[in-house]
Amino acid sequence: GEQACGETGDGRMLEPDELLYDLIRFFTPKVLAGQHVLVSAGPTFEAIDPVRGLTNLSSGKMGFAIARAAHEAGAQVTLVAGPVGLPTPRGVGRVNVKSALNMQKSLDHLAQAATVFVSAAAVADWRPAQMLDQKIKKDGSGEVPTLSFVENPDILAGIASSERARNGALYCVGFAAESHDLLAHAQAKRARKGVPLLVGNIGPDTFGQDDNALLLVDAHGTLELPRASKLVLARQLIAEIARRLQS
Ligand code: C5P
């Protein structure tokens, strides 16, 4: 890139935040060395017609923080992101997707080479039964269109029931965004999705925020990670995942 003297070439200083990131990564214990971590993040966008669609309030911040923390911990990391405007964490590979079906296709493929899958995306439960190829026009009659929906596949449950996940080659972590009764819902969701570790959080307290609080639920019990920035929580979650991989 361009250097201070005006010349262009090798030797240009990294941006200060990139240098800081590399220093942090250098000093972070490599508890995920040799692991290939796949992370899904953000909302999905389910098209109604070429100009409209359904989505949700997920910001993607938690998933992006997990991808960054996994990379700091020495993993090779791939992030599959729904439509969000967040910068890709340094050193992380990224695939952008839109709909739940796009996301499923990417994740199913990438999961074949991953050793850890963290499903932090807020996948739409339903999509419009048909995507119209022309914009639905308002004709002035006051008549409103009727939309019908079909259920989206459960991407996480599908990957968690795959051969590699069942024989221990792929460790799957799910998320649950709830509005109440977090523990009961997280335990039920862990069983329903068939994952060893389920991370609960309160949806309205996390969507779009820079901080969060997590409740980890596994076969042995629960662990509360108190309110902190999403990056701090992501690093704690990665340490917990690494501990479970080692044991
Ligand atoms: O069922 P619910 O949407 O609450 O489950 C949340 C967890 O399941 C998250 O880890 C989310 O990424 C995943 N999920 C999925 N496919 C869906 C719905 C949710 O992978 N269709």
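Using a 7 Å offset from the Cα along the Cα-to-Cβ direction at both Gln3 and Phe27, what is the distance between the two label points in nm, to one decimal?
Here the modelled spin labels are 2.9 nm apart.
With 29 Å as the cut-off, how large is the P(r) tail for the chain, expressed as percent of Cα-Cα pairs?
On the way: 10303 of 30381 pairs.
Here the tail beyond 29 Å accounts for 34 percent of pairs.
Any chance you could check the Cα centroid distance between region 107-165 and region 47-82 for me, in angstrom?
Spelled out, the Cα-based centre of one part sits 15 Å from the other.
Given R₀ = 25 Å, what would the calculated FRET efficiency be for Asp205 paired with Ala157, taking r from the Cβ atoms and rounding to 0.05? Let's see the in-between values first.
Numbers: r = 25 Å, r/R0 = 1.01.
It comes out at approximately 0.50.
If we count other beta carbons within 10 Å of each Cβ, what is the order of Leu32, Leu132, Leu225, fewest first?
Leu132, Leu225, Leu32
So for Lys61, Lys30, Lys189, fewest C-beta neighbours within 10 Å to most, what's the order? Could you put the intermediate results ahead of the total?
Values: Lys61 24, Lys30 13, Lys189 20.
So the ranking, lowest neighbour count to highest, is Lys30, Lys189, Lys61.
Please give the direction-averaged projected area of the C-alpha convex hull for region 84-214, in square nanometres with one decimal.
11.2 nm²
Place the peptides 159-170, 15-26, 94-105 in order of packing, highest mean first, counting for every residue the other Cβ atoms within 10 Å and averaging per peptide.
Working: 159-170: 15.7, 15-26: 11.8, 94-105: 18.8.
The densest-packed peptide leads the list: 94-105, 159-170, 15-26.
Would you mind ranking Arg90, Arg235, Arg12 so that the residue whose beta carbon has the fewest other beta carbons within 10 Å leads the list?
Arg12, Arg90, Arg235
Counting only C-alpha contacts under 8 Å and six or more residues apart, can you give the relative contact order of the chain as a whole percent? Could you put the intermediate results ahead of the total?
On the way: 482 pairs, mean separation 43.5, N = 247.
Result for the chain is 18 percent.
Figure the gain on full extension for Lys135 and Asn102 (residue separation times 0.36 nm, minus the Cα-Cα span) and round it to one decimal in nm.
9.7 nm
Read-outs: derived from the displayed coordinates by stated rules, not from any lab. Values in this document were obtained by computation on a predicted structure and should not be read as measured data. All Cβ positions, even for glycine, are placed from backbone atoms using ideal geometry, and neighbour counts span all protein chains on display.
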